[in-house]
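Just below is one structure, and these are the notes that go with it.
Here, each number is a calculation from the coordinates, and none is a lab measurement. Quantities reported herein were computed from a predicted structural model and do not represent experimental measurements. Neighbour counts run over all protein chains shown; Cβ positions are idealised from the backbone, glycine included.
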Amino acid sequence: RGPSGGLAVARWREESHPHSLVELDYAGIVNLMDAETLQADESVAELAAALTGLEKGEEDLAFAMYQRVILRWRSIQLLESAN
């Protein structure tokens, strides 16, 4: 894992109110995904696993799940920028 990756996830969580909700906003990116891809997307489950990992002190799991989401969304955002 990167030198600050796990710390960035932990800091992000610490800065949030304990009772706050996480919203995953697909916005216009959803238009770049077909129905099958959208239904197969695991971003919500991965973010939930990342948050649960942080709560349980499983920083490696939290970082891995967070990275999966970030890398997937970056590639989709690059497609959006190319259009």
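Miscellaneous remarks
- Both radii come from the Cα set of the stretch 11-83: Rg as radius of gyration, Rh as Kirkwood radius; their ratio Rg/Rh reads 1.02.
- Contour excess over end-to-end distance, with Cα ends at Asp60 and Ala82 and 0.36 nm allotted per residue: 4.6 nm
- Between Leu21 and Glu42, the modelled labels are 2.5 nm apart [label points 7 Å from Cα along Cα→Cβ].
- Cα→Cβ-extended label distance, 7 Å offset, between Val30 and Thr52, nm: 2.5
- Percent RCO, i.e. relative contact order, over the stretch 44-83, from Cα pairs under 8 Å lying at least 6 residues apart: 35
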